[in-house]
Amino acid sequence: MDKKADILFEISWEVCNKVGGIYTVVKSKAAKMAEAYGSNYFMVGPYFPSKALADFHEELPPDFCKAPFEELKKLGVICHFGKWVSEGTPNAILVDFINYKHRTNEIKRELWDWCKIDSLRAPADYDEPVVWAYAVGMLLEKLSGCFNGKKIAHFHEWLSGAGLVYIKKKNVKMAAVFTTHATMLGRTLASSNVDLYNVWNRINPDEEVYRYGIEAKHLMEKISAALSDVFTTVSEITGMEASYLLKKK
């Protein structure tokens, strides 16, 4: 297939950060994307020093990155530029958000004001990805003015969703793609031994998620799908699941 844009950013919590199966998906996809987009393909992930040692070769940032990186540094967000040490050696920007975590509650409040994402009961593993993704949104906003041509940001899973919400709410001139690999509610019901395929057309997802305490992640996922210009899943069955549980085909 011919590429559809001039610049592509691919955003995932698992870029240079091996925590689950999505790491393998984005890593194996990267070689083909780098082949198609060359130096105009940028993978964006979180910066964790111990993980970066194995996966990331840091380099001096190109000139167009320097001003955006400096602006973010003043806010406490440190961006590292380099290559993911993998097939295709794609460009990677890893975002260190540790000194921006003091804004966690403000960010969650903003997401409520913007989209009614209810995170009052959110578990601890919700906060870090949300702060990171929000910082990624700020990075994309600053980088968008550095390029001419069509720009796309491709976000994976609810963990990167705050970045998608950010660029849409700030009217950043960049198209947004959102991919869910499996819905939060689908995963949760399946692990609770509920026959998902027999109930997905009979439940109210927005009520069901409160029973399991996953409303924050579900709502982030649902809003990301709703706001995206293109919404994709990784299989036909996941697409059917999403159409019932996220209300978007």
Rounded, prolate or oblate for the range 39-110? Axes are the square roots of the Cα gyration tensor eigenvalues, ordered a ≥ b ≥ c, and the cut-off for rounded is a/c under 1.5.
prolate
Between (i) 153, 29, 25; (ii) 99, 33, 20; (iii) 54, 41, 35, the structure-derived Cα extents along the principal axes in Å is (iii)
Roughly how far apart, in whole Å, are the Cα centres of the range 22-68 and the range 100-139?
24
Once the in-chain neighbours fewer than 8 apart are removed, the aspartates and glutamates whose Cα is under 20 Å from residue 168 read 6, 10, 106, 110, 113, 118, 141, 157, 221, 229
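Sorted by mean Cβ packing within 10 Å, highest first, what order do the peptides 42-48, 24-30, 189-195, 12-18 take?
Highest-to-lowest ranking by the protection proxy: 42-48, 12-18, 24-30, 189-195.
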Among DSSP beta bridges lying fully in the chain, give the percent that are antiparallel, nearest 5.
30
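Quantify, in whole percent, the carbon and sulfur part of the accessible surface of the chain (1.4 Å probe; protein heavy atoms only).
Ligands and nucleic acids excluded, carbon and sulfur give 52 percent.
How much area per residue is accessible in the range 1-49 when the probe is 1.4 Å and only protein heavy atoms are counted (Å²)?
45
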Straight-line reach only, C-alpha to C-alpha below 17 angstrom: list the lysines that residue 217 could link to, leaving out same-chain residues fewer than 8 apart.
108, 116, 247, 248
When ranked by the protection proxy of mean other Cβ atoms within 10 Å per residue, highest first, what sequence do the peptides 89-102, 205-218 form?
89-102, 205-218
Taking the convex hull of the alpha carbon atoms in the range 28-74, what volume per residue do you get, in Å³?
103
Under 22 Å from residue 3, Cα to Cα: lysines that are on another chain or at least 8 residues apart
27, 29, 32, 83, 150, 151, 173
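What is the range 1-95 by shape, rounded, prolate or oblate, if you read a ≥ b ≥ c off the alpha carbon gyration tensor as root eigenvalues and call it rounded for a/c under 1.5, prolate for a/b larger than b/c, and oblate otherwise?
Since a/c reaches 1.5 but b/c is at least a/b, the shape of the range 1-95 is classed as oblate.
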Listed residue (230, 201, 186) projecting farthest to the positive dipole end of the range 103-249, Cβ model
230
Before rounding to the nearest 500, sum -39500 (n - 2.57) across all DSSP H runs of length at least 4 in the chain and divide by the residue total; then give [θ] at 222 nm in deg cm²/dmol.
-14500 deg cm²/dmol
How big is the equivalent ellipsoid of the range 124-249 along its three axes, where each semi-axis is √(5λ) from the Cα gyration tensor, reported in whole Å from largest to smallest?
29, 15, 10
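The values are calculated or read from the model by the stated rules, or taken from the named source; none is laboratory data. The structure displayed is predicted, hence computed values, not measured ones. Reconstructed Cβ throughout: ideal geometry from the backbone, glycine too, with neighbour counts over all protein chains shown. In case anyone asks, the SASA skips ligands and DNA or RNA and just uses the protein heavy atoms, side chains included. Shrake-Rupley method; radii C 1.70, N 1.55, O 1.52, S 1.80 Å.
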